[in-house]
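One structure below.
The values are calculated or read from the model by the stated rules, or taken from the named source; none is laboratory data. Quick caveat: nothing in here was measured; it's all calculated off a predicted structure. For neighbour counting, all protein chains shown are included, and Cβ atoms are generated from backbone atoms with ideal geometry for every residue, glycine included. Protein only, heavy atoms only, side chains kept; ligands, DNA and RNA dropped before computing areas. Shrake-Rupley method; radii C 1.70, N 1.55, O 1.52, S 1.80 Å.
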Amino acid sequence: MMPRTARRKSATDFYHVIARGINKEEIFKQKREKNNFLRLLKKHLKDQDIEVYAYVIMSTHFHILIHVDLKLLSHFMASVLAEFAEYYNYKHNRNGHVFQDRFCSECVETEQYFWNCLRYIHMNPVHAKIAKNPVNYQFSSLKEYAAEKDHIIHPKAIKLYKSKFGDFEESWQWIESTDLSGCATLETLLKHPN
């Protein structure tokens, strides 16, 4: 068995984090699973030097755009994923791994890549054809940006968003029209995990 490759440290401390259910299982199929995962994110963010800038929870995986020191990222994700796995196994009367491998983390080191990732994350439900409008998807941070209310995302995220776009209508035009070629996709990250 080959040793794991060490995670690469981002020069900006921004990371695009993804984890997928084992065997592509729909570990977030039910609303209760998505809500519990959000609750765990919020619980483990408390009193930590961690800033979430975007997230989306799909049925088989999740994406988070996060600003955090690399060592704290690993500890934070291990805590969230372990607690979710314990909950999931209990609720579904099963045992064993819930997530496929360890989480993937892609370094976000340019402003363009940051904004492309933010858009990519928010457009996931549209690309998966589970929402026509990403604002209507309940398990995404886009609704926090639209309402200008931080629940899980950091207050700095809304400030940054407003400084870039002014208002949500202006950002909506950008969300609909921007090319995503600069952001790593789930498949790319899973093929070349950090």
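Just a few scattered comments:
- Within the stretch 81-98, one or more residues are of a type outside the set (Gly, Ala, Ser), under 18 Å from residue 7 (Cα atoms) and in a helix (DSSP H, G or I).
Listed here are the residues, each with its yes/no results for (1) surrounded by fewer than 15 Cβ atoms within 10 Å (Cβ to Cβ); (2) in contact (Cβ under 8 Å) with a residue 40 or more places away in the chain; (3) of a type in the set (Ser, Thr, Tyr).
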position: 72; (1), (2), (3): yes, no, no
position: 76; (1), (2), (3): no, no, no
position: 81; (1), (2), (3): no, yes, no
position: 84; (1), (2), (3): no, yes, no
position: 100; (1), (2), (3): no, yes, no
position: 104; (1), (2), (3): no, yes, no
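- Just one of the listed residues (34, 43) is more than 13 Å from the chain's Cα centre (by Cα) and either farther than 17 Å from residue 106 by Cβ or in a loop (DSSP other than H, G, I, E, B) (or both), namely 43.
- Top-ranked residue of the stretch 108-147 - restricted to ones that are open to solvent by 50 Å² or more (accessible area, probe 1.4 Å) and under 15 Å from the mean Cα position of the chain (by Cα), ranked as nearest to residue 164 (Cα to Cα): 143
- Those residues of the stretch 60-70 which are buried (at least 18 other Cβ atoms within 10 Å of the Cβ) and of a type outside the set (Val, Ile, Thr), in sequence order: 61, 62, 63, 65, 67
- Selection count where residues are of a type outside the set (A, V, I, L, M), exposed (fewer than 11 other Cβ atoms within 10 Å of the Cβ) and closer than 15 Å to residue 103 by Cα, scope the stretch 1-51: 3
- Listed by first and then second residue, the pairs linking a residue in the stretch 117-143 that is in a loop (DSSP other than H, G, I, E, B) to a residue that is modelled with pLDDT of 90 or more and aromatic (Phe, Trp, Tyr), with Cβ atoms under 9 Å apart and 6 or more places separating them unless they lie on different chains, are 130/137; 131/137; 139/28; 139/37; 139/55; 139/62; 141/53; 141/55.
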